[in-house]
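The values are calculated or read from the model by the stated rules, or taken from the named source; none is laboratory data. Since the model is a prediction, treat every value here as computed from it, not as a measurement. Cβ: placed from backbone, ideal geometry, glycine included. Neighbour counts: every protein chain shown. Calculation scope for accessible area: heavy atoms of the full protein, side chains included, ligands and nucleic acids excluded. Shrake-Rupley method; radii C 1.70, N 1.55, O 1.52, S 1.80 Å.
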Amino acid sequence: MSTIPTTLDDRPVPYTVVGGQKSRACPEGLPVSVVLLNRGSRLYRARLLADLERIGFDSILSIEAGSETPDVESLSGRFPQVRFLFLKEEVTTGEKVNLGIRESCGPFVFVLWNDQKLSTAALSSRFFERLSEQDFLCTAPFLSSGGGEPVPTLLAPAFEGAGLRILSLTPQKDGDKTLFPFDGCGIYSRERFVRLGGYDGTLPDPWWQKMDFGFRAWLWGEEIRMAQALRMGYEGVPPTEDTTPGPSYGRFHLKNLAVRVREDGGMLPLGAFPAYLFRASRDPFRAAGEFRAAREWVRINRYRFRWDARSVVDLWEPLAP
């Protein structure tokens, strides 16, 4: 049994830093820090960093895996305001986002990938004034593929009988609700993200880690919405997700779908254990330990719950076919 984290500091990630000699303690221009996640080829990274520098971002963190490479040495000389964070162990994507946001400053943190490009026209001071006024947990971008086709990034939950499915739709207007930010990218409110506890690093499956983040956010009264003015594109083909229920599904279910909300807050009823045991298909003693851990986590956070899963799904009901 592993303890479910409740804060960003519950699962510290060791790292070293290269570069950033000219970075300021906090951004003085745009009120946002950048966290750059890396995958695959680094072909477009220098161009993206140049675009971010030209827009005026003063605080940029690039999350790296493994040891320092020759291209980082070159990039740190070319972009002295960029800090390269080298992880000393393998972690999930959500933990990389947690680390980046924890180490950032300013009220907003813009998370994106090295294989994405952005429209600079959207990121004006007025745009960030609107973000402050709206006060969402995360503002997600409209995304397009390398060929310019819209990516269905509006993720809407729906129940089919007792089962849950996610509809992937193309956003139509500014302010559309989405269950979680597609590919984890978007502009996060740092304060709200920290208060939520970030992504759960004990969930190794990327899909269920994002599902847990999104459901928890809406269950706790947070909002994640699309911004038509924030447009980004992939340099190539958008990533695909493995939505198969894996090892992470059981914990996701206990933390979100099985919680009931009463006048005195959220609770995970003991009656939910038999169904979990059947679904988990594992040793009863291990399943009981996992259930106790989830029940304790819900108890600690009981006053954070504003909705149950059915109420959250109902927010998207008109979109269901």
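What to note about this one:
- Remark on residue 82: its backbone amide H falls under 5 Å from those of 20, a criterion applied only to residues 5 or more positions apart or on other chains, H modelled at 1.01 Å from N.
- Listed residues 18, 111, 97, most fluctuating in the chain (Gaussian network, C-alpha, under 10 Å): 18
- Among (i) 20.3, 70; (ii) 19.8, 59; (iii) 20.1, 64, the entry that matches Rg and Dmax of the Cα atoms in Å as calculated here: (ii)
- On the stretch 58-182, 47 percent of the accessible area sits on carbon and sulfur atoms, based on a 1.4 Å probe.
- Simple point charges give the picture: +1 on the Cβ of Lys and Arg, -1 on the Cβ of Asp and Glu, and for the chain a dipole about the Cα centre of about 420 debye.
- Anisotropy class of the stretch 176-281 from Cα gyration tensor, a/c 1.5 cut: oblate
- Selection from 245, 201, 146, by position along the positive dipole direction of the stretch 144-259 (Cβ): 201
- Dipole moment magnitude, nearest 20 debye, the stretch 41-177 about Cα centre, only Lys, Arg, Asp, Glu C-beta charged: 220 debye
- When the helices of the chain are scored as -39500 (n - 2.57) per DSSP H run of n ≥ 4 and the total is divided over every residue, the value at 222 nm lands at -8500 deg cm²/dmol.
- Rounded to the nearest 20, the Cβ-based charge dipole of the stretch 80-136 about its Cα centre (Lys and Arg +1, Asp and Glu -1) stands at 180 debye.
- Backbone HN-Hα couplings from phi across the stretch 75-87 [Karplus 6.51/-1.76/1.60, Hz, Gly and Pro as x]: 5, 5, x, 6, 10, x, 8, 8, 9, 9, 9, 9, 7
- Accessible surface, per residue, of the chain when the full set of protein chains is kept, probe 1.4 Å, Å²: 45 Å²
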